[in-house]
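Here is the structure we will look at.
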Amino acid sequence: MDVWTLISFGDQGWGDEIAWGVLVTVSLALATLPLGLALGFFIALAKQSREPTLRLSAEIYTTIFRGLPELLTLFIIFFGMQIGIQQLARAMGFSSGIEINAFVAGMIALGIVFSSYASEVFLSAFRAIPKGQYEGGYAIGLPHRHVMRLVVLPQVIKIALPGLTNLWMILLKDTALVSAIGLSDIVRQTGIAARVTKEAFLFYGIAFILFLVLALLSSIVINRIEKYGDRAEQAR
Amino acid sequence: MNHAQAYVAPAELLPQQPAPDTIAKPWNATRAWGYALIAFWTFVVIVLVAWLITGYDPAKIERYAPRYWNGLLTTLTLVSISIVLGAFLSLPIAYARMSDNRLLNGISFGYVYLFRGTPLLAQLFLIYYGLGSFREQLEAVGLWLFFRDAWNCALFAFTLNTAAYQAEIVRGAVRSVPTGQWEGAAALGINRLQAFRKIIAPQAMIVALRPYGNEIILMIKGSAIVALITVFDLMGETRRAFSRTFDFQTYIYAAIFYLIIVEILRNIWNWLEKRLTKHLVR
Amino acid sequence: MKFAKFVMTATTAVAFSASAAMAGSHSLSIKIGTEGAYPPFNNLEADGSLVGFDIDIANALCEEMGATCEFVTSDWDGIIPGLLAGNYDAIIASMSITAERMEVVDFSGKYYNTPPAIAVPKDSDITEATDAALAGKAIGAQSSTTHSNYAEEKLSSASLTLYPTPDEYKLDIANGRIDAVIDDVIVLSEWLKTDDGACCKLLGTLTPDPVINGEGAGIALRKGEEDLKAKFDAAIAAIRANGTYQEINDKYFDVDVFGG
């Protein structure tokens, strides 16, 4: 079979399987992003809280999940949560199980890893905002949550953006790990094709190129977002 | 200067005051959350410890401890060798990245983009299985002996990968030294090579210290995928032990080992940074 | 629309699946876990369908039990944890019944039993399938299998290389990274008949060790599901008796794989 048949869409080729893999990779990354951002934001809030217990809890969280290999976190979530939920369900007396599939396990594990790094990015962004911004807000009579929402947050997001885009690139690459727990992402689908057709270089090469394309597309989108964020400066 | 002069109490002593009242911290939502989370972590630790103690099985420990140890050694040797080789390889790349030659610049940019834009896993598979399909060609040039071995392939992939990241660290660090330093050296008649060695590099190395530490930690974590190409490192031995014992503790032990390694490294790095930047602290 | 549905089911995640044992007599629905990378027993085709001896046997058993069956694929490494976690109710994936596995799962009676064997490249200088002849050679096996355990314990003079699926050791023996592979005799000989297997030949079969290799391949079930186990045992006996088993056997193999 020649190369074009192998990567064609249809029963003979692997094009459709690989396209599915791209969809899974992209949707996993997109589904993980809001989870990771939200978690990371709350952890950053906890880390700069006045309450020492809250700071300590957040520190424990980031120390653990920045120290563990992503693959190990993934396995612990995938197997551990299943076993945990199963035992909990059994203890509560019903035998039907809640299923944690590979997609959800991947989403949770990658989201946790993302959030522990994102919290650092948010934290330094919070610290970059002068106290005067808060005080100015209070001085004109805004309540705390409005100061946060209208004054601080927009600036935090802008300062955190480069760091977060960097994390997005890392997240995109980390999704490759879910192939090890059986989710049909790019690496797994190309891997199956490589093994079945014995065209390892071709298919792993395709995986390599697909990730490059995703990185390229991301940087185009990120550039646009950054431009959008910078429009206040440009107007001057 | 009479140091021996004793303290003389004033004639009128203020009566001893009671300590000020401790202001009771109000129980608000933040505090409640903080305590709840600490309770949660304590609970997790207690459960884990209790579980590891009740599940302690000398036979299993005896059987798997040496394997974990070998896996750990594999992880550490693989990472340390690839970091060192990558450091050597990163220097010409960083040099090319900073040069004015457009060709050199383009090639090095391409290299860095390729290896930083794709997952290490894809690179590893491409090198191990992908190059495996070019056996004849590799044999013809005498490289097959090297690529035949999975360990070599892993080392090769990791070295190429970390070189790309390290090149960016070097570039960033050298760039962070103000141009005035170069100009000052030039004004004193010091040639560029000397200026780099004696003036720029020492300053750049301090800037690069922290990112280097992070890169080593990232490599240790990233190396956990190497069992997928048959090199059994700490993670690989863990999966193997789990697949025979079906005991989830195997993963917990692996997590503890990885955390210990990373924390040791992190602390060494903090100490190094403190020592090397003493002169910068005012 | 298939994809939208996939994302929805995936992200909602909490699929309460009624356990097979509870579903009772009305319409028994069973989720069956299999690997899909172990031809000719179970294999995933390019069009996404599962084929093989295990799959046909599973379908025959389900028909016999009057159950509707659904296949779920899992990596071999995680196939037992997946069963324990309730991702599926039974494993029909050529899993050998061993004491080690019996500690965590139950098994039905065997549905086939074939010995392990060793294959080597055609130009290999290895003469026989013994530990002495294999000393110092690199031998490949799928990890977490009885065959890898056999190699580890009985062929300890050789160095063992472990692969996630048989496909990978097939790639590596073809390009000369390993000197021999150990697997089920049927798996190896079926592979050797194909173009991919042209590199290699069968060196010989090994005498299975009952402790390591167990007593043949069975259907793995969660512990305590006696009801389901009895149903599977009865169904195996039934398809043995009514000729269905023989039919499937002959469709794939020249020999009788049920064993003595």
Separation of alpha-carbon centers, the range A:183-236 and the range C:172-218, rounded to whole Å: 39
Computed log₁₀ I(q)/I(0) - Debye formula, equal Cα scatterers, no solvent, chain B, q 0.13, 0.16 Å⁻¹: -1.05, -1.29
Likely footprinting exposure, B:T54, A:T190, A:T197, fewest C-beta neighbours within 10 Å first: B:T54, A:T197, A:T190
Neighbour-limited loop hits for chymotrypsin sites (Phe, Trp or Tyr not before Pro), the range B:117-196 (at most 12 other Cβ within 10 Å; DSSP other than H, G, I, E, B): none
Extension gain (nm, one decimal) between B:E62 and B:R135, 0.36 nm per residue minus Cα-Cα: 22.2 nm
Exposed-site-free run, longest, chain C (rule: GluC sites (Glu not before Pro); DSSP loop; at most 16 other C-beta within 10 Å): C:129-214
Residues C:F258 and C:K223, FRET efficiency given R0 of 22 Å [Cβ-Cβ distance, rounded to 0.05]: 0.30
Proximal lysines relative to C:K251, as straight alpha-carbon distance under 22 Å, when same-chain residues fewer than 8 apart are discounted: C:K110, C:K193
Net dipole in debye of the range A:102-211 [+1 Lys, Arg Cβ; -1 Asp, Glu Cβ; about Cα centre; nearest 20]: 120
Within the range B:51-73, backbone nitrogen closer than 17 Å to the virtual label 7 Å beyond the Cα of C:E103 toward Cβ: B:52-68
Computed label-point distance, nm, for sites A:T5 and B:K198 using a 7 Å Cα→Cβ extension: 7.0
Other protein chain Cβ atoms within 10 Å, averaged over every residue that makes up C:84-90: 5
Ascending count of other beta-carbon atoms within 10 Å, so fewest first, for C:M102, B:M235: C:M102, B:M235
Over chain A: helical MRE at 222 nm, DSSP H runs n ≥ 4 each giving -39500 (n - 2.57), nearest 500: -24500 deg cm²/dmol
Two-site label geometry, A:E135 and B:S176: point separation in nm, points 7 Å out along Cα→Cβ: 3.1
Nearest-20 debye value, chain A charge dipole, Cβ charges on Lys, Arg, Asp, Glu: 940
Förster-model FRET efficiency, 51 Å R0, C:V51 and B:N70, C-beta, rounded to 0.05: 0.85
Neighbour-count ranking [beta-carbon atoms within 10 angstrom, fewest first] of C:D106, C:D254: C:D254, C:D106
Within a Gaussian network of chain B (alpha carbon springs, distance under 10 Å), most fluctuating of B:W69, B:W41, B:W33: B:W33
Residues in the range A:163-189 reached by a label modelled at A:V213 [backbone nitrogen below 20 Å; 7 Å Cα→Cβ]: A:169-177, A:179, A:184-189
Cβ-based charge dipole, the protein assembly as shown, positive-most Cα from A:G36, A:P52, B:A241: A:P52
Sites C:A241 and C:T68, calculated FRET efficiency, Cβ-Cβ separation with R0 22 Å, nearest 0.05: 0.45
Relative contact order, percent, the range A:28-125 [alpha-carbon distance under 8 Å, six or more residues apart]: 53
Charge-dipole axis of the protein assembly as shown as Lys and Arg at +1 and Asp and Glu at -1 on Cβ define it, positive-most pick from B:N214, A:V213, B:F40: B:N214
Loop trypsin sites (Lys or Arg not before Pro), the range A:30-63 (other Cβ atoms within 10 Å of the site Cβ: 14 or fewer; DSSP): A:R50
Under 13 Å from C:K31, Cα to Cα: aspartates and glutamates that are on another chain or at least 8 residues apart: A:E99, C:E70, C:D89
Computed [θ] at 222 nm, deg cm²/dmol, chain C (DSSP H ≥ 4; -39,500 (n - 2.57); rounded to nearest 500): -10000 deg cm²/dmol
Of C:I173, C:V187, C:A237, farthest towards positive along the dipole that unit charges on Lys, Arg, Asp, Glu beta carbons give the range C:157-242: C:A237
Separation of the A:Y228 and B:N267 label points, Cα + 7 Å toward Cβ, nm: 4.6
Chain C: relative contact order as a whole-number percent, Cα under 8 Å and 6+ apart: 26
Anisotropy class of chain A from Cα gyration tensor, a/c 1.5 cut: oblate
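Here, each number is a calculation from the coordinates, and none is a lab measurement. Model, not experiment: these values are computed from the prediction. Counting neighbours? That spans all protein chains shown, and the Cβs are built from the backbone with ideal geometry, glycine included.
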